[in-house]
Number of protein chains: 2
Amino acid sequence: MDALPKDLSPDVFVTAPDAMAPYLTDWRGRYSGAARAVAKPRDVAEVATLMRWASHTGVPIVPQGGNTGLSGGATPDSSGAAIVLSLERMNAIRSLDPAGNTVVAEAGCKLAELQRIADAAGRFFPVSLGSEGSCQIGGIVATNAGGINVVRYGMTRDLVLGLEYVTATGEIVPGPKRLRKDNAGYDLRHLLVGSEGTLAIITAAAFRLMDRPKARASALCGLVEPQAALSLLRMVREVSGDKLISFELMDDGEMSLIREYFPNIAHPLPSRHPWYVFIEIGADDFSIEECLAQALTRASDAGAISDAVLAQSETQAKAIWHLRFAASEANRLAGPSISHDVSVATDDVPALLKALPSAVSKRFPNALVRFVGHLADGNMHVIVFFPRDAFTDQAALETAAFQVNEAVYAVTTAFGGSISAEHGIGRSGCRAFARFSNPVERQLMQEIKRSFDPAGILNPGIIF
Amino acid sequence: MDALPKDLSPDVFVTAPDAMAPYLTDWRGRYSGAARAVAKPRDVAEVATLMRWASHTGVPIVPQGGNTGLSGGATPDSSGAAIVLSLERMNAIRSLDPAGNTVVAEAGCKLAELQRIADAAGRFFPVSLGSEGSCQIGGIVATNAGGINVVRYGMTRDLVLGLEYVTATGEIVPGPKRLRKDNAGYDLRHLLVGSEGTLAIITAAAFRLMDRPKARASALCGLVEPQAALSLLRMVREVSGDKLISFELMDDGEMSLIREYFPNIAHPLPSRHPWYVFIEIGADDFSIEECLAQALTRASDAGAISDAVLAQSETQAKAIWHLRFAASEANRLAGPSISHDVSVATDDVPALLKALPSAVSKRFPNALVRFVGHLADGNMHVIVFFPRDAFTDQAALETAAFQVNEAVYAVTTAFGGSISAEHGIGRSGCRAFARFSNPVERQLMQEIKRSFDPAGILNPGIIF
């Protein structure tokens, strides 16, 4: 067996250990692997050549975007058999049509770059998440990234009009189509979105662009309990209708971590509260600040919020959202933790948040449970922290992680919820997915996987 | 082989020829078939029993909603081997949550009933099409119905949160989940939406509900040409942003048919024009009529429209939309015609509409090409009419249909378009789908079909 395909130029591959290292460990340092090479093709033809070779030789291919995933879905295993496939050289914006409100970007284009280009054309690309400066288009499509604007604009899939991709056997499906409507056969686009590199290599995507709201208003509120946040959500919705863009909930445990690890971030709301809500609304209507002020006054009168600050400037709005976006990085710095990305019907969130800490502490009395997430979508991140010396080695952490996962997912499933609302299954979620998913659906998914990837070379060990 | 499953009560089945007849011919009378029975199960357990029996005996099952489809996808073949499966007895609204903005309806519930129930709860279910008084939830989900509100609210799939379904082998996948976010594994929901009864039996669906715009404004405009309609679209969008709900284009040939077959429908715009545009915008802002008036004034000044009427009352708005909705029925009454449901990038519509008549008349000089469709979505219905005595028999019509399809789809495909934007492939589109779809994608779809339906009993002859 050849170590690398001979019909690709050697400069497609990186094999020096130092140069490969950043591709072999995930962002949070949870998963490390080995690879025979990192491939960096320059066009879709080189991707197809690589996949034809891989399907003949059986060499596993692990597609990787900006390596910012939270489920270990882009890290190869430790065998060293795989090639990591980075699309970073294919990073062009192929077209932007401001009248038709569409943009076509290659997989390696960074999310922030796409946002910037759309903005420069007077349009708006609404996917927004903490890693937007590093994550790539191919990654947000392959993982169906969520983020803070889902309540108004949907997940990444809701913006994808079409895909260009290469199959496991190296066939190119050209595109991407920019059609708003296409009912010709099964929707393979939605099957590939969120398939985490296990069904095909996405090389480019066409997206809908949005009208950028002409005015925006942000606020940070302090609250006593999650039920009050639901009351606040109702009041904001009553006043602002479909203008609501973000509605994020965070507990004071999480906020304390951010204060600890990022002492220089400004705190627009000086008082401390058990819970915080971050709000953004946007519209073409310049009285939008009054609109949010009215909702906050109503919520304050009703006792739903204890205190609130309404951003008086763009700078202050940025400070509010900087705080929200610091959560993932603070969690990474704060020692051993096990995070979860669960969703339930929005009205069930308070009961879920109440049930989880006791379910966890029953088994791990020294664990701290912290919460941050997208309340309006019913999607909460549940992070279980342990003391720095809690585990003697990685194996002990993994055993604990399994037990914590079991506790969190059992409670979530009892509410009819999902064990992965936006992060995907990846490597970290496989055992839980096998245990908590519907067995009929999981079997159908495995048969789809076999249809797309008969040799099993695309991101093995991910999802299943 | 048993004629019917013994472990289902006989009153599940209709076998009397008169009672079966309405289920054996499609709404337009284009497709007729035969069946051993029409099954009308009362719950999901009866559906599962039927499917277990069918997968053992190999009896084909043809799911049918309100039988209003336009592609022959719900009509059995002429062999009489199949059972038509009507979900009309499973028509309950299982739940409606106005705070969470969700509704769960069974497959047999009529679309108009779902709209009515949502409206009574102060919410809005935006799928709207000519057949809404007859078509059923299961049908609009299985065919991913479009309609006149897609520009603002998306296709049916964009509103589906979760599905309850029965597999070809009779396994029940319970639900439907009401989660806003769920990234656990492949998105089977989007695979089933639009699969036209070939992958599973959808028994219930959970949908997002929308905030009902507090104010709406409608207008009917007369124009010289489609390019002017694009200018008008740009002006309406500039003034109204994302308030645009519908933007429909019709040619005078189609309008003449409606005048001929529905002489009693009021014509809010008395003057005649080569082209017409129907517009609706909606917002929470009661100055919305002024907003539309401003856009129309601007379009008139720029010469984009020749004349326009802005509805002055709810009654007048209804009259405008009544006219638009009469198109399908007028086409059905107007003698032999071959209809197409194509989409291209919105900006390409004028060039498409210019190219199509000459492509058709090259082969059929006595044919008339008429247009009606959803301009803002790039989706036009292209109806090719023949004189009443043009074809001596059905076979001659079918030969002509094949040739007309070839001409229309060749032009559409040259623009990178879809041969089925919203109607689906059904029975009528199979040959064209085989010829004009990407062969790699079509093969993947066939493998998915085999995974879901190994015995090939679910709606055979549809799509493939």
Number of partner chain Cβ atoms within 10 Å, mean per residue of B:445-452: 5
Theoretical gain in end-to-end length, A:Arg435 to A:Asp393 [0.36 nm per residue, Cα-Cα removed]: 12.6 nm
Point-charge dipole on Cβ atoms (K/R +1, D/E -1) for the protein assembly as shown, about Cα centre, debye to 20: 680
The stretch B:93-211 - charge dipole about Cα centre, Lys and Arg +1 at Cβ, Asp and Glu -1, debye rounded to 20: 260
Size of electric dipole in the stretch A:10-86: Cβ of Lys, Arg +1 and of Asp, Glu -1, about Cα centre, debye, nearest 20: 120
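Between rounded, prolate and oblate, where does the stretch A:215-328 land on the alpha carbon gyration tensor, with a ≥ b ≥ c its root eigenvalues, rounded for a/c under 1.5, else prolate if a/b exceeds b/c?
oblate
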Cα-based shape type of the stretch B:25-84, given that a ≥ b ≥ c are square roots of the gyration tensor eigenvalues and the cut on a/c is 1.5: oblate
Selected from B:Ala112, B:Asn149, B:Ala205, residue furthest toward positive end of dipole (the stretch B:93-211; charges at beta carbon): B:Asn149
Averaged over B:166-178, number of beta-carbon atoms from partner chains that fall within 10 Å: 3
Label 7 Å beyond Cα on the Cβ vector: B:Thr315 copy-to-copy distances, nm: 6.0
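Using packing as a proxy for protection, rank B:256-267, B:139-150, B:169-180 so that the peptide with the highest average count of other Cβ atoms within 10 Å comes first.
Ranking, from highest mean packing down: B:139-150, B:169-180, B:256-267.
Find out how many positive minus negative residues lie around A:Gln64, taking Lys and Arg as positive, Asp and Glu as negative, among other residues whose Cβ is under 12 Å from that of A:Gln64.
On the way: positive: A:Lys40; negative: A:Asp26, A:Glu88, A:Glu196.
That sum, taken over residues with Cβ under 12 Å, equals -2.
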Rounded to 10°, Cα long-axis angle of helix B:252-261 versus longest principal axis of chain B: 70
Extreme residue, positive dipole direction of the stretch B:350-393, given options B:Ile383, B:Pro357, B:Phe371 (C-beta unit charges): B:Pro357
For B:Tyr31, solvent-accessible area (1.4 Å; no DNA, RNA or ligand), Å²: 60
Rounded Å value of the spacing that divides the Cα centres of the stretch B:312-370 and the stretch B:22-48: 30
Local net charge near A:Ala421, Cβ-Cβ under 14 Å (Lys/Arg +1, Asp/Glu -1): -2
For A:Pro454, net neighbour charge (Lys/Arg +1, Asp/Glu -1) across residues whose Cβ lies under 12 Å away: -1
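Classify the stretch A:13-115 as rounded, prolate or oblate, taking a ≥ b ≥ c as the square roots of the eigenvalues of its Cα gyration tensor: rounded when a/c is under 1.5, otherwise prolate if a/b is larger than b/c and oblate if not.
Values: a/c = 2.49, a/b = 1.53, b/c = 1.63.
Taking the square roots of the gyration eigenvalues as a ≥ b ≥ c, the stretch A:13-115 is oblate.
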Separation between Cα centres of the stretch A:113-129 and the stretch A:375-454, rounded to whole Å: 32
For the stretch A:282-295, 3J(HN,Hα) per residue [Karplus equation, 6.51 cos²θ - 1.76 cosθ + 1.60, θ = phi - 60°, Hz, x = Gly/Pro]: x, 6, 8, 9, 6, 8, 5, 5, 4, 4, 5, 4, 4, 5
Kirkwood Rh and Cα Rg combined as Rg over Rh, evaluated for the stretch A:335-444: 0.96
Accessible area that becomes buried as B packs against A, both chains, 1.4 Å probe, Å², nearest 100: 5600
Area accessible to solvent at A:Met380, 1.4 Å probe radius, in Å²: 0
Per-peptide average of other Cβ atoms within 10 Å, ordering A:159-166, A:364-371, B:109-116 highest first: A:159-166, B:109-116, A:364-371
Using θ = phi - 60° and Karplus 6.51 cos²θ - 1.76 cosθ + 1.60, couplings along the stretch B:30-35 (whole Hz; Gly, Pro as x): 7, 10, 10, x, 9, 8
Options B:Asn331, B:Phe402, B:Pro268, ranked by Cα towards positive dipole end of chain B, top entry (Cβ charges): B:Phe402
Semi-axis lengths (Å, descending) of the ellipsoid that matches the C-alpha gyration tensor of chain B: 37, 27, 20
Additional length obtainable on full extension of the chain from A:Ser134 to A:Ser300, 0.36 nm per residue less Cα span: 55.9 nm
Peptide-level mean, for B:345-353, of C-beta atoms on other protein chains within 10 Å: 3
Candidate lysines - alpha carbon under 26 Å from A:Lys6, same-chain residues fewer than 8 apart omitted: A:Lys40
Carbon plus sulfur fraction of accessible area for chain B, probe 1.4 Å, in percent: 51
B:Glu238/B:Ala215 FRET efficiency (R0 22 Å; Cβ-Cβ; nearest 0.05): 0.70
Copy-to-copy label separations for A:Ala215, where each label sits 7 Å from Cα toward Cβ, in nm and ascending: 1.6
Karplus-derived HN-Hα couplings along the stretch A:439-453 (A = 6.51, B = -1.76, C = 1.60, θ = phi - 60°), whole Hz, x at Gly and Pro: x, 5, 5, 4, 5, 4, 5, 5, 5, 4, 4, 5, 5, 7, 9
Heavy-atom surface of chain A, accessible at 1.4 Å and reported per residue (Å²): 36
Residue-span extension gain [A:Thr57 to A:Ala92] - 0.36 nm each, minus C-alpha spacing: 9.5 nm
Label-point separation in nm, A:Ser32 to A:Ala19, each point 7 Å along Cα→Cβ: 2.2
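The values are calculated or read from the model by the stated rules, or taken from the named source; none is laboratory data. Model, not experiment: these values are computed from the prediction. Here the Cβ is made from the backbone with ideal geometry for all residues, glycine too, and neighbour counts use every protein chain on show. These area figures cover heavy atoms from the full protein model, side chains too; ligands, DNA and RNA do not enter into them. Shrake-Rupley method; radii C 1.70, N 1.55, O 1.52, S 1.80 Å.
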